Amino acid sequence: MCGIIGYLGQHEAAPFLVDALRRLEYRGYDSAGIATVNKGALDRRRAVGKLVNLSDLLVHMPLAGKSGIGHTRWATHGEPSERNAHPHKAGPVAVVHNGIIENYRDFRSELKEMGVDFVTDTDTETVALMVEAYMRDGDSPRAAVERLLKRLEGAYALAFLFEGEEDLMIAARKGSPLAIGHGEGENYIGSDAIALAPLTDKITYLEEGDMAVLTRTSVEIRDADGQLANREMREVKQDNVRVDKAGHKHFMAKEIAEQPQVISEAIGHYFGASGHQIRFPSDDIDFTTVSRMVLVACGTAFYACLTAKYWIEKLAGIPVEVDVASEFRYREPPVGKGTIALFVSQSGETADTLAALRYCKDKADRIVSVVNVPESSIARESDVALPILAGTEIGVASTKAFSCQLTVLLVVALEAARQRGTITDDRLADVTSALRGLPSRINMALDNEAVVETLATELSEARDVLFLGRGQMYPLALEGALKLKEISYIHAEAYASGELKHGPIALIDGNMPVVVMAPRDALFDKTVSNMQEVMARGGKVLLITDKAGLDIAGDGLWRSIEMPEVEDLLAPILYAIPAQQLAYHTAVAKGTDVDQPRNLAKSVTVE
Ligand code: HGA
């Protein structure tokens with residue numbers, strides 16, 4: 001989603017701003033812009049489309065000045081256009097914004113009565129106009145911003161710049177993330193540590209309701225009550241914010257290939273170098289006294305939760321409910337004592353998931369989160385945050401974060417079972433050693449690349465694709481369909497194999513590829529029967545299974561992918577690989593923008 005950068009430095013701001021916006025591109029955007037103050041004058045440049053359009057514009061119309069703000073916009077209010085792109089400017093005020101100002105219509109009416117004209121369709125423009133109006137009343141920039149913040153409803157990360165103020169930047173956050181970067185005689189604002197990485201590794205994350213006033217040599221942060229706030233300054237490891245493709249054509253390809261390594265890091269974190277002792281904050285999560293778990297997430301992370309339901313219920317015998325955060329948060333679901341509420345989010349900033357977490361805060365016994373960014377809001381607001389250790393994920397379509405989420409959720413299921421005595425030591429030892437062997441199985445699965453690539457060329461001709469799976473492979477089918485939709489724009493749907501006869505079988509004809517994900521496990525024969533029903537109606541089946549599965553059901557298939565054998569419980573993690581490769585190569589064959597698919601954003605910070 002929208003990316004924000006602010007620079008108050010010793011050098012020309014524009015090159016730093018554009019470079020930071022490039023690092024924020026991964027979040028997804030449709031237009032970009034920067035504003036600077038130069039010799040007191042506030043000016044801006046904006047361009048619709050990719051960042052290259054803005055940098056081309058800056059070649060012809062440079063923008064001088066050593067203080068500036070920049071923005072990549074993912075439109076919520078008003079079409080993507082230059083007119084609607086940020087920074088928005090009103091008189092002496094320029095502002096960039098991530099989020100949605102929910103009461104912007106009230107401000108519009110108020111401003112209309114003052115005779116103010118609007119030049120954009122955005123909610124954000126009202127912020128600039130209101131601050132300008134307050135300054136006309138005689139308020140200082142700071143007083144004007146403070147006055148407006150008290151009235152803003154909705155979610156925002158904001159950065160302001162003012163005409164005539166070469167050494168002033170004001171930032172504020174509520175609901176959307178924002179960080180302050182500390183330099184030598186310079187200070188910065190950024191949506192995340194990735195944006196700020198080349199400038200500084202010293203970061204302070206603003207908390208809900210904070211407002212920060214920056215000069216080159218000072219940062220003053222006040223909380224929602226206007227009290228001085230002493231927020232921790234952290235050193236961010238540069239490794240955690242590295243952004244490069246390491247020789248791959250796309251970030252997504254790099255991130256798919258990284259999975260053996262990151263999963264083995266996650267396994268090392270939760271089990272140590274050897275043995276099957278789970279290293280878990282057990283004192284903080286007591287699974288023995290709970291009667292229920294609630295798992296909440298969005299998108300791919302939601303499918304990781306669905307898979308975890310199968311694991312937790314089967315291994316630990318705890319009833320699990322799984323919900324998408326945007327539904328959960330408004331449904332007023334009963335969450336009482338005896339419940340562990342667990343939230344999964346790659347960025348740890350997903351607006352709906354964060355809101356769902358807050359809903360559960362004083363209701364559940366424990367708030368647990370599974371996140372990739374340990375400094376994120378969701379991690380900070382949880383009782384226990386379990387890191388997935390996937391490293392920076394840039395591709396909008398989640399890959400390594402999904403498999404690491406699954407790995408950590410399996411650890412949660414094993415730990416819950418261990419605490420409740422529903423797993424024997426021997427079984428735990430078996431699963432643990434299978435987990436330790438998982439990275440090498442993933443490497444073997446990655447070796448199928450050439451087969452998948454050829455197959456994907458054929459799949460790229462399809463208009464619709466159906467994915468089927470049963471049991472713990474059903475969420476994988478859902479994830480496979482989502483991945484394909486996201487980056488290849490081919491319509492794909494997933495069904496639990498057993499549901500096929502209850503409707504979707506009507507779709508089957510000779511043009512419909514049906515991807516069946518079925519390791520040779522206890523449910524294999526059932527899934528194969530459903531697959532036969534598809535084939536009997538002329539459906540083209542792509543079966544993803546192991547050698548034993550192909551020996552039994554290999555006849556009459558349209559295509560197949562042979563997977564390495566794996567301990568049953570781990571199959572969803574291993575089978576994520578062909579699902580990702582299939583989507584990736586289909587998208588490449590179609591020539592779509594793999595890392596920044598249309599309309600999608602990485603860190604979904606608006607609801
Ligand atoms: N509402 C603003 C900002 C959108 C946003 O934060 N997207 O991530 C707009 O539409 O310009």
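The values are calculated or read from the model by the stated rules, or taken from the named source; none is laboratory data. These figures come from a predicted structure and were not determined experimentally. Reconstructed Cβ throughout: ideal geometry from the backbone, glycine too, with neighbour counts over all protein chains shown. Ligands, DNA and RNA are stripped out before the accessible areas are found, and what is left, the full protein with its side chains, is counted by its heavy atoms. Shrake-Rupley method; radii C 1.70, N 1.55, O 1.52, S 1.80 Å.
Numbers at a glance
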quantity	calculated
Sequence-separation-based contact order of the chain, relative, with Cα cut under 8 Å and 6+ spacing, percent	12
Kirkwood Rh, Cα atoms: Rg over Rh of the chain	1.00
Estimated dipole of the range 333-436 in Debye, rounded to 20 [Cβ of Lys and Arg +1, of Asp and Glu -1, Cα centre]	180
Thr289/Glu82 FRET efficiency (R0 51 Å; Cβ-Cβ; nearest 0.05)	0.30
GluC sites (Glu not before Pro) lying in DSSP loop within the range 125-192, provided at most 15 other Cβ fall within 10 Å	Glu153, Glu184
With every protein chain in place, the range 278-337: carbon and sulfur % of accessible area (1.4 Å)	50
Bridge type composition, the range 186-327 - antiparallel percent by DSSP, nearest 5	60
Inter-probe distance in nm under a simple model that places probes 7 Å from Cα toward Cβ, at Lys526 and Asp167	7.1
Proximal aspartates and glutamates relative to Lys254, as straight alpha-carbon distance under 20 Å, when same-chain residues fewer than 8 apart are discounted	Glu25, Asp239, Asp244, Glu265, Glu393, Asp447, Glu449, Glu453, Glu479, Glu486, Asp593, Asp595
Formal net charge of residues neighbouring Arg331 (Cβ-Cβ distance under 13 Å; K, R +1; D, E -1)	-4
Among Ile487, His77, Gly247 the positive-end extreme of the charge dipole of the chain (Cβ point charges)	Ile487
Charged-residue dipole, Cβ positions (Lys, Arg, Asp, Glu), the range 181-336 about Cα centre, Debye nearest 20	580
Rounded accessible area of Met233 (nearest 10 Å², 1.4 Å probe)	100
Inter-label distance, nm, simple model (7 Å from Cα along the C-beta direction), Met444/Ala548	1.2
Accessible area in square angstrom per residue, the chain, 1.4 angstrom probe	37
Gyration tensor (alpha-carbon) shape descriptor, the range 513-607, a/c threshold 1.5	prolate
Antiparallel content of DSSP bridges confined to the chain, in %, to 5	60
Length added when fully stretched, Asp56-Arg331, from 0.36 nm per residue minus Cα-Cα	94.2 nm
Net charge over other residues, Cβ less than 11 angstrom from the Cβ of Val604 (K, R count +1; D, E count -1)	-1
Sites Tyr489 and Gln227, calculated FRET efficiency, Cβ-Cβ separation with R0 35 Å, nearest 0.05	0.10
Val541 long-range amide H proximity, modeled H, under 5 Å	Val514, Trp558, Arg559
Lysine pairs in the range 49-156 with Cα atoms under 26 Å, if 8 or more residues apart or on separate chains	6
Rounded FRET efficiency, nearest 0.05, which uses the C-beta distance separating Gln261 from Ala434 and R0 of 25 Å	0.85
Principal-axis tilt of helix 571-590 within the chain, Cα atoms, nearest 10 degrees	60
Out-of-range pairs (alpha-carbon distance over 24 Å; input Lys249/Lys400; Lys314/Lys361; Lys483/Lys602; Lys309/Lys526; Lys501/Lys540)	Lys314/Lys361
Tensor-based shape of the range 541-594 (alpha-carbon gyration tensor, a/c under 1.5 rounded, otherwise prolate or oblate)	oblate
Helix 51-60 vs. the chain, principal-axis angle (Cα, 0 to 90°, nearest 10)	30
Inter-label distance, nm, simple model (7 Å from Cα along the C-beta direction), Asp106/Gln238	4.7
Portion, in percent, of the accessible area of the range 59-195 that falls on carbon or sulfur, probe 1.4 Å	47
Electrostatic dipole magnitude of the chain [Cβ: Lys, Arg +1; Asp, Glu -1; Cα centre; debye, to 20]	300
Selection of trypsin sites (Lys or Arg not before Pro), the range 250-350, meeting DSSP coil and at most 13 other Cβ within 10 Å	Arg279, Arg331, Lys337
Interchain or long-range residues, amide H under 5 Å from Ala385's placed H	Ser369
